[in-house]
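For reference, the structure is listed below as structure tokens.
The values are calculated or read from the model by the stated rules, or taken from the named source; none is laboratory data. Small disclaimer: the values here were computed from a predicted structure and weren't measured. Ideal geometry is used to build each Cβ from the backbone, glycine not excepted, and the neighbour counts take in all protein chains shown.
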Amino acid sequence: MQLLKTVFLYLAGQAGLTYAAHLIFKRLPAALTENAVMGWLDDQIAAEFGLSSPDGSTVISWAVPIILAAGTLWLFHRYTTGPLKRALAEQASGDRFSAIGIVHGPSARTWIRRVEPYHVIILGLVIAAIGVGWQLYRGQQPGLQTVSSGQKVTVDTSVVRAPAPEVVAQIKAPLQAKIDSLEHQLAQRQNPAPTARPPAPKKIIYDAAEMPERRKQLRELTQYFVVTIEQIRDEATNLNTEKLIALQDQPPKDYVAALETFKGHFETAFTGLSTIVRKYGFADIQEMDWGHPDMTTPTDDFIALFAVYEDRPVTNIRTIFRQVSRRNFSEAIELFNQWIKVKQAMIAAKGVEYQNAEIRQ
């Protein structure tokens, strides 16, 4: 067993040393030599054609003819070997190898029978040579010289002409306007113009003897809106929602009577509001805008809608909801609600004015 282990280790060592020697004395020198030769060839080609450190445009201009030549070879190969593949599938023998082999049957491309592979190779090389020649010709033209690193370039300034004055003026005008605008903005930031103060509000003077009654009138107006005006709004909202839905399969007689009652309540409420406004005779209270939205006309139109039913029940309440008069009644209620909020804010603002006013004894 020890002998076998020794022999195995000896053979493994010999194999490892042999592979290492192969890498060091054969593979590595061959790779280094190949790399050196390829680098030397690259340098020679670059020096010959002036392609040292080429930029993107140079690489693209040289790549175009080479790509065209390769594309030509590939297209011709695809075009000519199709019949060959089909012919070889049918017949495995031929007189000689050509670009297309043996093609049976009539064909309009009989000239291809004379084409050999080396003809196609020569055509591709000719296209590449024409492209290389064109690049060399361009390199000899003035203004198209390829300059390698380390070369000095002398520019003939005599051929550089100054632009026409009108061209200079067209370019300079918008730039100068932009500069002037920026300078003006900078000056405004550094020296801001003094902002005019708003005029002081006119000071209102009230007599001390009037203030108790003024405050009392505002309290009455506030209470009247909460107790009476808002109640009228709630009555209208209820008629437009819950009571209208409950009208299903019921005759509209009682509902119409409720609308008539609401209309009377509305007119009475605003008569009472007008009384409170004129009660104490203060001009500033009376001159406030107390105009209110019209609820009488939309209510009358809505009542007229139910005249067709007489004593018959409303079998389809959705028909009522879709009517224009009902929609107008809803919009009038919404306007009325907004009007209440505005007037309550107006009364509150008047109270603040009384608190901040100057009192004359």
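Some points to look at:
- When the residues of region 203-226 are filtered to those that are within 55 Å of the chain's Cα centre (by Cα) and of a type in the set (S, T, N, Q), the one that is nearest to residue 344 (Cα to Cα) is 222.
- Condition check for residue 328: modelled with pLDDT under 90, farther than 15 Å from residue 235 by Cα and either in contact with a strand residue (DSSP E or B) (Cβ under 9 Å, 6 or more places away or on another chain) or surrounded by fewer than 16 Cβ atoms within 10 Å (Cβ to Cβ) (or both): no
- Taken over region 322-361, the residue count meeting the criterion of being touching a residue at least 12 places away in the same chain (Cβ under 8 Å) and farther than 14 Å from residue 225 by Cβ is 17.
- Pairs where the first residue, in region 280-307, is free of Cβ contacts under 8 Å to residues at least 12 places away in the same chain and the second is outside any loop (DSSP other than H, G, I, E, B) and surrounded by fewer than 16 Cβ atoms within 10 Å (Cβ to Cβ), C-beta under 7 Å, 6+ apart: 286/278
- With respect to (1) over 18 Å from residue 328 (Cβ atoms); (2) touching a strand residue (DSSP E or B) at 6+ places or on another chain (Cβ under 9 Å), the lone exception for residue 306 is condition (1).
- Residue count for region 226-258 satisfying the condition of being part of a helix (DSSP H, G or I) and in contact with a Lys or Arg (Cβ under 7 Å, 6 or more places away or on another chain): 2.
- Taken across region 247-263, residues that are β-branched (Val, Ile, Thr), in contact with an Asp or Glu (Cβ under 8 Å, 6 or more places away or on another chain) and assigned by TED's automatic domain parsing to the domain that holds residue 227 do not occur at all.
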